[in-house]
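Okay, structure first, notes after.
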Protein chains: 2
Amino acid sequence: MLTTIGFDADDTLWQNESFFRLTQERFTTLLADHAAPDHLQARLLAAERRNLGHYGFGVKGFTLSMIETAVEVTEGRVPARVIGEILAAGREMLEHPIHLLPHARAAVTTLAAEYRVLLVTKGDLLDQERKLAQSGLGDLFDGVEIVSNKTPEIYKLVFARHGTGADQGMMVGNSLKSDVLPMLAAGGWGVHVPHEMTWELEAADAPRGDGRFHDLTDLSQLPDLVGRVAATHQT
Amino acid sequence: MLTTIGFDADDTLWQNESFFRLTQERFTTLLADHAAPDHLQARLLAAERRNLGHYGFGVKGFTLSMIETAVEVTEGRVPARVIGEILAAGREMLEHPIHLLPHARAAVTTLAAEYRVLLVTKGDLLDQERKLAQSGLGDLFDGVEIVSNKTPEIYKLVFARHGTGADQGMMVGNSLKSDVLPMLAAGGWGVHVPHEMTWELEAADAPRGDGRFHDLTDLSQLPDLVGRVAATHQT
């Protein structure tokens, strides 16, 4: 039986990675005199990976990792003006307006009429709250959880708190690693809706052959999929 | 009737502001050639206040505000080496071991036997989770909420979710502005346990004359106070 649908937020309901990419381009332009773009991006990704355990996910940690990379690749010669520009770029990310993805509002609205719908997202607390408020979708959700990581244990807790347990829940998102695989491990359904851009640290292989795994082209197909899953698993 | 006791975390259960002060001293030393300590501290506080709406509370935003202040006060001449030192100081804050405050463990343990006990804290998600895990108090709490701000609405939500409503709840903390006043406004009890160091942006006047306001010297007095409040307000 399926009672509760959880949605990832960034790059599932609204654009996110595109803002990171734009900022990263700005970053490589700012440091163009000091390092080649490819080298910079590799160093930045290494810093992000190294810092994830300290900073967690989100714009603030990304900004700190950009600054750290700027100091490193210039061997301590980056001008303070450039640091100021990186800070400004980070603050702009925290102010960018929300762009909902196609079919996001319709899919959540349709499913909210029949199921409990949740938002489960990683990132900075205040930033994710701001984006949800600005999305205009806030009132549709029966529960919102901003979490430091997406693990099977977290999904069990969240779907127990707001639903009827992870085994009666479905998680929908663009990240196989964060949205799909740990939800399957928690006993629920995992639905992958790929986004054209996904952060390298979120890459994973699709769990082909798992009966509770599904993938869709976009969110317009979600209500039908949910209907089919529910019809097959009625108690 | 009193059913649920909420505890603030930083500087109520464990030391926090002292780590910020130590880092701030390191910051003023690093920039000693560029500005007087008093001036630096004032500029840093202004940056923190200005950035609060973007960054929220916590170490990551504090680190970003230190970097911003360093760029500003040096008029763009701060050496990248100093920026690297500020980043390192921020990361050290995210790794510092927990120092429980006197009577914290005993007070929570005693009250957990008879009441629902909650932890309600602001700050960076991952950092606050780390500190709670390290404190060894995690299993005592019936609910943990890391929130972006502490408002009457937030307290109403949190005490409804984990307790029996804010009017049957008590919030205990070192900040009049965040722990006491909004909880009184939500209809609950507010108990102030001052800490020798409190961040300037958390200052507020004590609500003398409010029958649901109490202040204590330290947490050893809390179980007795709770007993008196409960005896007076039994249904």
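List of remarks:
- Residue within the stretch A:150-167 that is closer than 19 Å to residue A:219 by Cα, among the β-branched types (Val, Ile, Thr) and assigned to a loop (DSSP other than H, G, I, E, B) present: no
- Of all residues in the stretch A:64-80, those that are on the phi < 0 side of the Ramachandran plot and more than 7 Å from chain B (Cβ to nearest Cβ) have Cβ atoms under 9 Å from Cβ atoms of residues that are β-branched (Val, Ile, Thr) and assigned to a helix (DSSP H, G or I), 6 or more apart or on another chain, in A:66/A:23; A:66/A:86; A:70/A:82; A:70/A:83; A:70/A:86; A:70/B:83.
- Given (1) more than 14 Å from chain B (Cβ to nearest Cβ); (2) surrounded by fewer than 19 Cβ atoms within 10 Å (Cβ to Cβ); (3) in contact (Cβ under 8 Å) with a residue 24 or more places away in the chain, number of the condition residue A:23 does not satisfy: (2)
- Residues in the stretch B:169-191 that are more than 17 Å from the chain's Cα centre (by Cα) and in a loop (DSSP other than H, G, I, E, B) were compared, and the one that is nearest to residue B:229 (Cα to Cα) is B:188.
- Filter result (closer than 23 Å to residue A:159 by Cα and in a loop (DSSP other than H, G, I, E, B)) within the stretch A:205-217: A:206, A:207, A:210, A:211, A:212, A:216
- Selection from the stretch B:26-52 of residues that are of a type in the set (A, V, I, L, M, F, W, C) and surrounded by fewer than 17 Cβ atoms within 10 Å (Cβ to Cβ): B:32, B:36, B:42, B:45, B:46, B:52
So that you can scan it fast, the table gives a plain yes or no per residue for (1) closer than 30 Å to residue B:43 by Cβ; (2) of a type in the set (Lys, Arg); (3) surrounded by fewer than 19 Cβ atoms within 10 Å (Cβ to Cβ); (4) in contact with a strand residue (DSSP E or B) (Cβ under 8 Å, 6 or more places away or on another chain):
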residue: B:150; (1), (2), (3), (4): yes, yes, no, yes
residue: B:158; (1), (2), (3), (4): no, no, no, yes
residue: B:166; (1), (2), (3), (4): no, no, no, no
residue: B:169; (1), (2), (3), (4): no, no, no, yes
residue: B:213; (1), (2), (3), (4): no, no, yes, yes
residue: B:227; (1), (2), (3), (4): no, no, yes, no
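- Across the stretch A:81-101, the qualifying residues are those that are among the charged types (D, E, K, R) and within 15 Å of residue B:53 (Cα to Cα), and the one among them that is farthest from the other protein chains (Cβ to nearest Cβ) is A:92.
Read-outs: derived from the displayed coordinates by stated rules, not from any lab. Since the structure is predicted, the reported quantities are computational estimates derived from the model, not experimental observations. Neighbour counts are summed over all protein chains in view; Cβ atoms, including those assigned to glycine, are modelled from backbone coordinates with ideal geometry.
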